[in-house]
1. Looking at the calculated P(r) for segment A:619-771, what percent of the C-alpha pair distances fall above 24 Å?
2. Which of the residues in segment B:73-100 show a loss of at least 50 Å² in accessible area from their chain by itself to the complete set of protein chains, at a probe of 1.4 Å?
3. So what's the convex hull volume per residue for the Cα atoms of segment A:187-309, in Å³?
4. Quick one: net charge of A:ALA762's neighbours, Cβ under 11 Å, K/R +1, D/E -1?
5. Ranked highest first by average number of other Cβ atoms within 10 Å, how do A:611-618, A:240-247 line up?
6. What FRET efficiency do you get for A:THR12 and C:GLU71 if R0 is 30 Å and r is their Cβ-Cβ distance, rounded to the nearest 0.05?
7. For chain A, take the convex hull of the Cα atoms, compute a quarter of its surface area, and give me that in nm², please.
8. Which number comes out as Rg/Rh for segment A:92-131 once both Rg and the Kirkwood Rh are worked out on C-alpha atoms?
Amino acid sequence: MPLDANTPDLRTEFKSVGTRPNRPDGVDKVTGRARFGADFSAPGQLVGLVLRSPHAHARIKSIDTSAAEALPGVKAVITYKDIPEQEGCDKDVLVNIMARGTALYDGHAVAAVAATDAAVARKALKLIKVDYKVLKHVTDVDEAMKPSAPVLHPGRFEPVDYNSLETASHVSGKQETKTKTREGSNIAGRYVFGHGDVDKGFKQADIIVEHEFKTEATHQGYIEPHACVASVSSDGMAELWVCTQGPFMVRDVCASLLGMDVSRLRVTPSEIGGGFGGKTTVFIEPVALALSRKAGKPVKVVMSRSEVFRCTGPTSSASMWVKIGAKKDGTFVAADAVLKYQGGAFPGSPVEMGAMCAFACYDLRNVRIVGYDVVTNRPKQAAYRAPGAPMSAFAVEGVIGEIADKLGIDAIDIRLKNAAKEGTVSSYGPTFGPVGLVETLEAAKAHKNYKVKLGKNQGRGVASGFWFNFAGNTCVSINLNVDGTLALALGTVDIGGSRASMCLMAAEELGIAYDDVRAIIADTSSLGYNDISEGSRVTFSSGLATIKAVRDLKKRMCGRAAKIWGIPEDAVKWENGAAHPAGANAGGFDPLSIKEIAAQASATGGPLAGHYEINAEGAGPSFATHVCDVEVDPETGAMKVLRYLVVQDAGKAIHPSYVEGQYQGGAVQGIGWVLNEEYFYGKDGTLQNAGFLDYRIPVCSDVPMIDTVIVEVPNPGHPYGVRGVGETSIVPPLACVANAVSSAIGVRARTLPMSPPKVLAAIEGVAASKA
Amino acid sequence: MSAVHVSTKINGDDVEFVCRPDESLLDVLRDRLGMTGSKEGCGTGDCGSCSVTLDGRLVCSCLVMGAEVGGHEIGTIEGMAQGDKLHPLQQKFLEGAALQCGICTPGFLIAARALLERNMDPTETEVRYWLAGNLCRCTGYDKIVRAVMDTAKDMRKAAAKSSAKKPAAKKSPAKKTAKKGARHAA
Amino acid sequence: MLKVKLGGTLVNKAGGRTEFEVEGANIMQMLRNLGRTCPELEPMLKKGVSVAVDGQIYRDAMLQPLGPENEIILLPRMAGG
Ligand code: FES
Ligand code: FES
C-alpha cells in the first residue's frame, strides 16, 4: 500500500526499532501494581458463581432455584430464562454460556448466582436443584463420526453416507453403513483443499510413506483464570472490566446476547495474564452482566482453575492420516491427507486452518487435504496459538522425517529441496510473495546446535512450520502533550509487550526518544473498533496504524511550523524530531523541535493529535524451522530435551527481546503438547485432570534454554517490514520432538502425548520385533 | 463460622485484619487488604503465582490459612522494592524481558529472592529446580532463568567488592539456615 | 472479466466447480456477481470468506480493486489465536 509521498515506503535504517528498552508497563508488573482481571473491584460488588453440569451429556428436565433465592445474602439467581434469545445473536455462543435444555459437556453452565460473599454464593449453588436425564455421550473424534454415536445436535448436520467418505479405510466406522437420516450426524463440515492430480503423482514416487496420527486436546494454559466485574445500572448503562484479548469483541457480543445497545456498554480491558487464543470469546462476561442486571449491583465473577479447564476452550483433539510420495532424490511428488478435528460441542474446530497449513511449507504439484469438523461432548474449542496448524504439522513433518531417514537424506536438505518460496503456489491456493522458509532452514543448518555430536540414546529432530498471520481492524490515536511528550492510545490488548513495540515505532517515526512516548490500552468508548489481539496481528496492524497516525501528526506539526514561519506547508519537512525548512528556498529558519511546537500549540491553533483507522491487510506469513535434541532413558521411557533451537522469520524484529520471547514461549508450549499435556476423559465423559497437578504444563526444570535465531525477510505489506511472530513458533515442536525421539531410539511415536509409559511400550515393541 | 481477629506483620508493617477461618492467606491479602500483587492461578498450590514468604520461608499463600498467620512475618511482592528502588531481581526481570504477560512475575520474583538469600551462586539446574513450583506459560522460562542467574552474578560481585573494602564485616547471606520452602520439601 | 478460484468447502457448495469468471472492479462487486452466478454459494459468501489476491489474504477489504491480471482465490474465513 502506498504510504505518504515524502517517506520511503519501506524503511530499512533504524534508530529506535531493533533496540531493547524496558517496557512501559514493566515496573508495574514487577512490583505487583499492575491490575489484572481479578484485581479490579467495584464498590458494593457481589460475588458471582456459576453452577455447572456434572454430566457429559444430559437433558435438563427442570431447574428449581427457589431455595437458593430464599437464602439470605443471595441477590440474584439466573438460568437461560434470564438470557432470552435475541434476534441475530450467535446461537452457539448463547447456548455455550448457559445451557438451554441440554447440557452438552461436563462443566456446561446451567445456572448462576450473585451473593454478598463467596461463602453464601457457594451455599446457594448447592441449593439449586437440577433434574437431569443423563444421555449417551461421545468424546473421541473417531467415535463421534461413527453412525452408532449419539448425535449431539439432532437434525442440525446432514446425515452422512459413511461409505462415501473418501477417507475409505481411514475413517473409523467404515463397516458401519447405516445413516441416521432423521438425527443427522456429528460431522459439522467437510473441507477440501489442494491442486493437481494426487493419484497420478503417487505413480511417479520411488517411495511412499503413510501413517495415522493422533493428538489429544491441550489447553492454552494461561496462568490467569478468566475474570470480570460487571456493573449494569437501572437505566441500562453498563460497565465491564475484564481480562480479554478483544474488548471490542466482548462489548459487541455481550450487547448482542443481552439485547443492549452497543453504546450502553463500555468495556475496559485489564492487564491480561496470558491468552494464546483462549480469551478471544466470551464465557462469564454475559453471565456477569445478566447477574448484575438482575441484582442491580456490580458483580464480580472469577473462574477457578478447574472451571478454566472444564469449560473454556482447549484446542481440538485430532485424528489424522498423511501420505507423501517422493523421488529417490527427495523431491516430493504427491501428498494426501485426511484430518479429523473435534471442536467440542459446537461446530468450528480449526480443521480448515489445519488443512491449509498442513503442506504449506512445501512446493507440491499434486496435493489434496480433506478435513472433517466433528462435534463431541467436550467444551467448545477456542483458538489456541496457530489454531489447527500444530496437529497437521505433527503428522506431515513426521512423515517427512521418515522419508528423509529411509532415503538417507539430511532432514534439513530434504526440506530445502521442497521448500516453498516466492512464486510457489501454496497447497491452500494462493501464490506466495517473499517468504523466509529457505532462510530459516539455512540458518538452522549453519547453527552450532546442528553440529553437536550426539551420544547414546540421544537423537535430533527437525521440523518446519507455517502460519498465515492476520491483520484487521485497527484504530490508533496519538496526542501531543504540552511538553512535547506523547500519549499513544491503542485498542489492541497488550499480551506480551506490544506497548513497547508501538512506542519504538512511534519514536522511530518521529525521531524522538523512546521514553517520550507513553502507550496505553484504551477502553471501548475511547477509540474506534479494534479487532481482537489474535492471529499474530498486533505488532503488524497496530504498528502500521501507529506509524500512520504519527505520520498524520507529523503533517499537522509541519503545518504549524509553516504557519509560524509564514511559508507554504509543503516547504516544511520533518527530520530528527523537528520541523525544518525543506530547502534553501524555503527560507533560513531555525528548526522547530517537537517541544517548541508543543509549547506553542495552544497559541497557534489548538491541540495537536494524529490518528489512523484502517482495516489493515498485507500481513506476511511467517515460517519457522526448529531443531531439537533429546535423550531417552530406555529403562523408563522418560525423555529429556537437551537442546532446542527456534529459527523464525520476523520480517523485522521491532523489540528483539519480545520476539525471542514469543519464539521461546511457543516452543515450550509445543514441547508440553508432546511430553505431557492432554485432556483426559473418564468413561463417564467427565474431565479427569482439571488442574495443574494432573494437567501438567512444562515447568522450569523440564526444559533447557531455548536458542533463537531471528531471520528477517521484510514483509512488503508493512512500512518497516514487520511480520507477525506470535503463533508460528508452536507449529513445529510437536513433530520436532517426535522426530528427535525416533532418531534416539528408533521408535516413531504417532500418538501424543508421548508420555514415558507410551515411549517405553514402543521401545519394548521394537525390541520384541527384533528378538 | 465466626470471624477471627489476626495481628501480623506484612512487609515490615503491623497489620490487623478479621477473616473467616476458611479463608486462605491469599484471600486475605487480595480481598481484605487490597494487596492484589500476589496472584491466584490455581488456588491449589500448583502454580506458585501466589508465592509469599512466611518468616522467610517460601510458601504458597493459597495453602496457608489467613487465621494462622498471627504473630508471623509475611513478605509479599508489594514489599520487594525499597521505596522507589527496585530489588536487583526486579530490575533484571525488567531489563531482560523476563516477563511477557506478567501474571507469574510476582511469584517468580518472591521465589527467586528466597533462592538467592540461601544460595548466591546457584547453578542453572539449581535455579530450574528451585523455580519448578512456579508456572509460566508465556516465556518458556529462558529469560527468567537468565535474569535470576545474572542477578546472582551481580550480587556476588557486589558482595566481593564490599567484602574487599571491609573484610572484617563480611556478611553472610541472610537466613542461610532457614528451612527449605514448604512446597519444595514435598 | 475476473477469474475466481474456489478453495476449501466452497468447492462442495458450488457443486464441484472450482473456477468462475465474473465481472467486478473490486472484492465487493466480485462477490455480489459470484453470488448471482452461483446462488448455492450465497450463504457461504454471506457468512464471510477470505479472499486471496495475488497471495495476499484479505478478510474484509471489500473495496480492494481487482483486475483480470490478479490471481483471485476464495478461502474460508480464518481466525487466529
Ligand atoms: S494460586 Fe497458589 S499455587 Fe496457584
Ligand atoms: S509471563 Fe505470562 S505466565 Fe509468565
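The values are calculated or read from the model by the stated rules, or taken from the named source; none is laboratory data. Given the structure is predicted, the values throughout are model-derived calculations rather than measurements. Cβ atoms come from the backbone with ideal geometry, glycine included; neighbour counts cover every protein chain shown. Heavy atoms of the whole protein, side chains included, go into the accessibility calculation; ligands, DNA and RNA do not. Shrake-Rupley method; radii C 1.70, N 1.55, O 1.52, S 1.80 Å.
1. Working: 4919 of 11628 pairs.
Above the 24 Å cut-off, segment A:619-771 has 42 percent of its Cα pairs.
2. B:LEU94, B:LEU99, B:GLN100
3. Spelled out: Cα convex hull of segment A:187-309, divided by residues, is 182 Å³.
4. Numbers: positive: A:ARG748, A:ARG750, A:LYS758; negative: A:GLU764.
Overall, the nearby charge balance is +2.
5. A:240-247, A:611-618
6. Details: r = 28 Å, r/R0 = 0.94.
After rounding, the FRET efficiency stands at 0.60.
7. Details: hull surface 144.1 nm².
The Cα convex hull of chain A, projected and averaged over all directions, gives 36.0 nm².
8. Here Rg/Rh amounts to 1.03.
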